[in-house]
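Read the structure below first, then the notes.
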Amino acid sequence: MTTLEGHLERITYYNPENHYTVAQLKTGITNRMVTVVGSMAAVRPGQTLRIQGSWVTHSTYGRQFKIETYEVALPSTIDGMREYLESGIIKGIGPLMAKRMTNRFGEKTFAIIENNPNKLLEVKGIGRKKAVLIFNAWEDHHVARGLMQFFQKMGMKTSYCARILRKFGKEAVNIISSDPYRLSTDIPGIGFNFADTVALKLGMAKNEPGRVKACIIHLMKQHANEGHVFFYEDQLLDQCQNRFQIKDERVRHALEALSAEREIVIGHRVSETGARTVYLKSLHMAETGIANRLKAMLSLPVIPHHIDTQHISAEVQRKLAIRLSPEQVKVLGKIFSHRVVIITGGPGTGKTTLIKSINALFSALGKGVLLAAPTGRAARRLAEVTQKEAKTIHRLLGYNFKNDLFEKNQDNPLDADAVIVDEASMVDTLLMFHLLRAVPVTAMLILVGDVFQLPSVGPGNVLSDMIKSDRTLVFYLKTIFRQTQESPIVINAHRVRNGDFPVFEPWSELENLSEFYFIEQQDPHKVVSGIVELCSKVIPKRFGFDPVHEVQVLTPMHKGLVGTANLNQVLQKTLNPNPIELETNGVIFKQGDKVMHLKNNYQKEVFNGDIGIIRTIDRKEEVVAVDHYGRIVTYDFAEMNELSMAYATTVHKSQGSEYPAVILPIMTQHYMLLQRNLLYTAITRAKKLAILTGTKKALSIALRNNKPKERLSGLDFRLSPNFS
């Protein structure tokens, strides 16, 4: 590691989110100017720095010195202290006040400010208010540097310091020292492994109760992020031993303590095995709450509406100009005699037509209907096809982001005779629990979705479990309608659903334009270059689709040559030559980039998975303006972690969306994620054009793998008649 000492001349870039800094340092007696890059907090031009790091060569900016650790050398002479204070680095102290303070306290000036600020009252012009202001400004100036040095001494990265200071303030070091796991529980984005490493470096023993509890909760949350509602106790014991070297006896003691503290719920598996299960309290409450609410709704009799099938067909044709199929008429004839109904089927089987028809019939009966979907994209599409207002479930329930509560619940229910939820396969356990609490027990609940698609991103498999329980009326739509029978996308989606190899046009016969193609390519490098060629030249020229707005690349994973990270970089380079850019958190965003919002933000009214285009990057105001579906939303530079590049995205992130054209790389490198329902979900995102590129071997693996990883959930058993 190399050490540089010098005078900080100029800061050319600073990111307040992670303290990433680009600066010019005049070094040593040679007065040579060096570009230094890395995390530095509370530094100002004019300071003397001692920096440790290494030389690197940037492809654009040339030779730079990468900062690993740094120290600010505070001046020790009276003249140096006066110059330091005169620079304006401490709020409330100007040239005159700096002179008075150093004349009064001499070489003890800094020590007085830091340790005995009451003595500042001895300086002319400083009263109590001013003394407090100077002390606070001094503390603010030095606390960030102190926190960075705290992590540097442990050999930990310092890029989280800004977030830690915003959350914990001046007591950050004390809070972390007393409970390092608050880093992961209180601050989003800081992983458990970072907090655990800090804890161990601070001297915490591996089997200390506080660490054991933290490890258990972390594993439980990680398990939930993988889609599971509970953990088997023996699996939890194994993971604690294998990953964190914690003995079984210690884990059992911690489990009992967490149970007594009502952080978790320990019980018996809701099945015949009798194995012990461990739930996070919130998920146990949600799963039992869903089961109890559905049972309550199903226990109430429904007043039947005597609507004959002839009247149904006539009413729908009059209101919507739609001629219903016998299958659809049969569904509508039965649906009004049941409290809870599920409608499921593949693409082209008329699910949307049924939603529109149910609306029309309820309107004819004078009943109120509310429409909802789990994502903003799905809600917008539902509103477009029904010509009626549709909301996200969160907005329907009046979610309050400040206190993380829903305004609508059993005490303040929704005002509706029926609630229809589209894309219901995407609704996870927690959200379904809150929805059912707000649906009046006397109302109808109609869940519409394709149960063969990927399950919800959140924990649980709610729609599938409800179907398996046999407690609710389920309509399986199987007839593909005439207008979609000729669509290769629809035909192949159903073939994939059944495990059959798709039928596609040879790419060599591109002159005969079709909707579905497979380009066979073994080399992942050529797959990547082929995707770039398709997006930038072939599809726009042959099919007329805009490469940014209408073409979407979907891939099973983030890593690797054909993962989202690399594909976004190469597609950005080809599709967006705009020179205006912003580097944040290791990602370069450009003006004109296609981006995706990563989490629900109810203040900005943008939601997880929403696609947008960066319109402007304003370095002066430190804001980025993104066009989301015709509405401009601004992000501070510190909020850019809410966005990702979106030329390519994962199949999971595409749920609830439709795109005119979809390109799907499918390679054996994706082996762990090659599943039939993932392939099916990707194909059904395409409206007019689907292109698969990769190997037939990978395609065969996906088709054969119809047993995706089982999600641990007890909802189906809780709903069954055998459950007590």
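Can you tell me the FRET efficiency between ASP417 and ARG276 if r is taken as the Cβ-Cβ distance and R0 is 51 Å, rounded to the nearest 0.05? Efficiency, rounded to the nearest 0.05: 0.75.
Surface listing: ARG718, ARG104, ARG276 arranged by accessible area from highest to lowest gives ARG104, ARG276, ARG718, probe 1.4 Å. Place a point 7 Å from Cα of ARG395 in the direction of its Cβ. Which residues in the stretch 342-381 have their backbone N less than 16 Å from it? From the stretch 342-381, the list is 370-381. For the stretch 326-477, the alpha-carbon radius of gyration amounts to 0.98 times the rule-of-thumb value 2.2 N^0.38 Å expected for a compact globular protein. Using a probe of 1.4 Å, the accessible surface attributed to LYS408 totals some 60 Å² when neighbouring protein chains are kept in position.
Counting other Cβ atoms within 10 Å of each Cβ, which GluC sites (Glu not before Pro) in the stretch 444-547 have at most 11 and sit in a DSSP loop?
In loop regions of the stretch 444-547 (DSSP not H, G, I, E or B), the sparsely surrounded GluC sites (Glu not before Pro) are GLU486, GLU511.
Shape class of the stretch 583-724 from the Cα gyration tensor (axes a ≥ b ≥ c, square roots of the eigenvalues): oblate, since a/c reaches 1.5 or more and a/b does not exceed b/c. Against the empirical 2.2 N^0.38 Å (N residues), the stretch 612-690 has a Cα radius of gyration ratio of 1.41. Residues of the chain were split at every exposed loop site, defined as chymotrypsin sites (Phe, Trp or Tyr not before Pro) in a DSSP loop with at most 16 other C-beta atoms within 10 angstrom, and the longest piece left, sites excluded, is 62-400. P(r) tail, the stretch 70-139: Cα-Cα pairs separated by more than 20 Å, 15% of all pairs. Taking every pair of alpha-carbon atoms in the stretch 650-699, give the share separated by more than 14 Å as a whole percent. In whole percent, the share of Cα-Cα pairs in the stretch 650-699 beyond 14 Å is 48. Per residue, the convex hull spanned by the Cα atoms of the chain measures out at 198 cubic angstrom.
The values are calculated or read from the model by the stated rules, or taken from the named source; none is laboratory data. Keep in mind the model is a prediction, meaning the values are calculated, not measured. Heads up, the Cβs are rebuilt from the backbone with ideal geometry, glycines too, and the neighbour counts pull from every protein chain shown. Accessible surface is based on the protein model in full, side chains and every heavy atom, while ligands, DNA and RNA are left aside. Shrake-Rupley method; radii C 1.70, N 1.55, O 1.52, S 1.80 Å.
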